[in-house]
Every structure is written in C-alpha cells, then in structure tokens.
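Engineer: Have a look at this one.
The values are calculated or read from the model by the stated rules, or taken from the named source; none is laboratory data. Quick caveat: nothing in here was measured; it's all calculated off a predicted structure. Here the Cβ is made from the backbone with ideal geometry for all residues, glycine too, and neighbour counts use every protein chain on show. Please note that ligands, DNA and RNA were not included when accessible areas were found on the heavy atoms of the full protein model with its side chains. Shrake-Rupley method; radii C 1.70, N 1.55, O 1.52, S 1.80 Å.
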Amino acid sequence: MSEKKSEIIQLPVNYSGKIDNSNQKPFVKTFLIESDKKLPAVIICPGGGYEHLSEREGEPVAKKMNALGFHAVVLNYSLAPMEFPAALCDLAEAVVLVRKNADAWNIDADKVIIAGFSAGGHLAASLGCYWRSGILQDLLPYTPDEAKPNFLLLCYPVITSDENYCHESSIRNVLGKNNLDVREFVSIEEHIDSNFPETFVWHTAMDESVPLENTLRLVSALRREGISFECHIFERGCHGLALANAKTAKADGSCQEKECSVWPELFRNWFEKK
C-alpha cells in the first residue's frame, strides 16, 4: 500500500482554562495510506518515562502498521514538567481529531486503536480507564464516545504505581510535583472496569526497567472484569525493544530480539478476528 504525505497537526492545550499547560506544544504526525475502503487507525504513544519521547517507538512503528494495513498517527504528548492530567487530555484530543477526520482520511471510526510503549502504554491504558470519567469531561468539550478508544495495543507498559513494581520516574512525571497525593489514581490495575477496551499486550520476562508484574497485574484485572485480551510474554529481551529488529535497534546494535519481533504480526492476527 502506498503512503500519503505525512502531516503535522498541532493539538489544543487550553483544557478549559483549568490546567496551565502553556509550556507544552503537543501535536500529531499522520502516516496515512492510500485505500479504496475505510481502514482501522492506530494512534501511537511512544515511551520515554513522560520526560522524552522515544523516536524508535514512533515513526518506524507507524510505518510497520502501514505495511500491515493500518493508518497510523504518532502522538507527541505533554511531558514533564506538566500539570496532571495534561498528557491524558492530549491523547483524548488525538482520538477526537482522528474521528473528526475519519471520512477525509478513510478511517473506520469504530476501529480506533491506541498503541503505547512503556510510559506511552501507561497513557494508552489511562484513556482506557478514564475515557468516560468526569475528569476528561470537565476539561474537554467532547462526549465520552468521541474520545473512546476501541482497542488497546500495549507494549511493555507501565501499569502500576505500587512502589514494589512501578517505574517510579514515569509515575512522578505524569503526576507532577503537586499531585503525588493522587498516586493511586494512576495505578491502572485498580481502575479497570467493564468499559475498558479489548487489549493486546506483550512484555518480556527479562525487562529490567518496567517489571513484568506490570503486565501481569493488568491481565489479572482484565480477567476479573471479563475484558477480552491477548497477552504474549517473551522469555528474552530488554526494555524498549520497539520493533525488536534492526530497523529500531539502538546505535550500539542492542534492542534486537528475533523472538519478539513477531509482535506486530501477532497483533494483526488478533485484530483481524475483531
């Protein structure tokens, strides 16, 4: 499939005037493909501990999704220092933008997938929890259904704020220094209910930065609530694998793991049954 020219679109940051996020400039970059029918779209949230964005988990992943038959959009969301829940608002804005342009971009508005890596996985899962909560409706002028993610694709995600297993800097950065008293609010496994989207998730048992327990707690909560999911746990592989192949390897050649590089195809196979 041929790709259309990418476009950068700035996102609003006023949040009804209730959050000061003037130091941030969130935007999306589109990676659309030519098609004579409407296709699903993946909104990609790269990782980086809510303090930077991993380029390896952005454009290369978008182009891989294109090759598998998905439109893709990469979200550059708010980073530390920010006021909670700025990044969550950014992701909701991105979902609304994709849905508003569904006809123009030839997107199936009922197949909007949020993909998140590491801290980006925490962001994606947060919208899965809170798309219909009062916190977003108080800040953004949209209905819950406009900001609803239909499916989640989570890659070695940050999930818990439990100090025994969390990625501490991600939790502190997303909350901001003035919001540490609501730490439990960003422990995703505690807030999953029957409205959480169907989810595909993968992790490695060797992850040295975000322990596997994050995904195990997520899966346990999904089972508790009867949410459909597929989970793959690979034995080997460091944190931050991205595509786990040469295209997203680090300069020193690390972050390649053949066994893990099949995850995009596994995701596509899972999604094709939906």
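Engineer: Examine region 74-91 for a residue that is assigned to a strand (DSSP E or B), in contact (Cβ under 8 Å) with a residue 24 or more places away in the chain and not β-branched (V, I, T), and state whether such a residue exists.
Structural biologist: Yes - at least one qualifying residue is present in region 74-91.
Engineer: I would also like to ask the following. Within region 165-189, which residues are over 18 Å from E51 (Cβ atoms) and touching a residue at least 12 places away in the same chain (Cβ under 8 Å)?
Structural biologist: Passing the criteria: Y165, V182, E184, S187, I188, E189.
Engineer: Within region 127-177, how many residues are touching a Phe, Trp or Tyr at 6+ places or on another chain (Cβ under 9 Å), closer than 20 Å to L222 by Cβ and polar (S, T, N, Q)?
Structural biologist: 1
Engineer: For region 239-273, how many residues meet the condition of being surrounded by 12 or more Cβ atoms within 10 Å (Cβ to Cβ) and either closer than 24 Å to E213 by Cα or of a type in the set (K, R) (or both)?
Structural biologist: Total satisfying the criteria: 21.
Engineer: Ok, one more. Name, by its number, the condition in (1) assigned to a helix (DSSP H, G or I); (2) surrounded by 15 or more Cβ atoms within 10 Å (Cβ to Cβ) that does not hold for E184.
Structural biologist: Evaluating E184 over (1) assigned to a helix (DSSP H, G or I); (2) surrounded by 15 or more Cβ atoms within 10 Å (Cβ to Cβ) leaves (2) as the failure.
Engineer: List pairs: first in region 190-216 and free of Cβ contacts under 8 Å to residues at least 24 places away in the same chain, second assigned to a strand (DSSP E or B) and surrounded by 22 or more Cβ atoms within 10 Å (Cβ to Cβ), Cβ under 6 Å, 6+ apart or cross-chain?
Structural biologist: Here the result reads L212/H203, each pair linking region 190-216 to a residue that is assigned to a strand (DSSP E or B) and surrounded by 22 or more Cβ atoms within 10 Å (Cβ to Cβ).
Engineer: Go over the candidates S22, S2, S16 one by one and state the one that is over 30 Å from G176 (Cβ atoms), out of contact with any Phe, Trp or Tyr (no Cβ under 7 Å at 6 or more places or on another chain), polar (S, T, N, Q) and surrounded by fewer than 24 Cβ atoms within 10 Å (Cβ to Cβ).
Structural biologist: One residue alone meets the criteria, S2.
Engineer: Those residues that are modelled with pLDDT under 95, part of a helix (DSSP H, G or I) and open to solvent by 40 Å² or more (accessible area, probe 1.4 Å), I need them from region 101-155; list them, please.
Structural biologist: Across region 101-155, the qualifying residues are G134, I135, Q137, D138.
Engineer: Those residues that are in contact with a Pro (Cβ under 8 Å, 6 or more places away or on another chain) and assigned to a loop (DSSP other than H, G, I, E, B), I need them from region 22-57; list them, please.
Structural biologist: Result: N23, L53, S54.
Here's the yes/no breakdown for (1) touching a strand residue (DSSP E or B) at 6+ places or on another chain (Cβ under 8 Å); (2) free of Cβ contacts under 8 Å to residues at least 12 places away in the same chain; (3) under 23 Å from I33 (Cα atoms):
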position: G69; (1), (2), (3): yes, no, yes
position: G120; (1), (2), (3): yes, no, no
position: S126; (1), (2), (3): no, no, no
position: L136; (1), (2), (3): no, no, no
position: Y142; (1), (2), (3): no, no, no
position: P149; (1), (2), (3): yes, no, yes
position: V158; (1), (2), (3): no, no, no
position: D162; (1), (2), (3): no, no, no
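Engineer: Look through R236, R223 and report the one residue that is open to solvent by 10 Å² or more (accessible area, probe 1.4 Å) and either part of a helix (DSSP H, G or I) or out of contact with any helix residue (DSSP H, G or I) (no Cβ under 8 Å at 6 or more places or on another chain) (or both).
Structural biologist: Within the list R236, R223, the selection yields R223.
Engineer: Then there is this: From F185, F234, F200, which residue is at pLDDT below 95 and either within 18 Å of the chain's Cα centre (by Cα) or farther than 30 Å from N21 by Cα (or both)?
Structural biologist: The conditions single out F185.
Engineer: Here's another thing I want to ask about it. Yes or no: region 14-35 includes at least one residue that is basic (K, R), more than 15 Å from the chain's Cα centre (by Cα) and over 20 Å from D108 (Cβ atoms).
Structural biologist: yes
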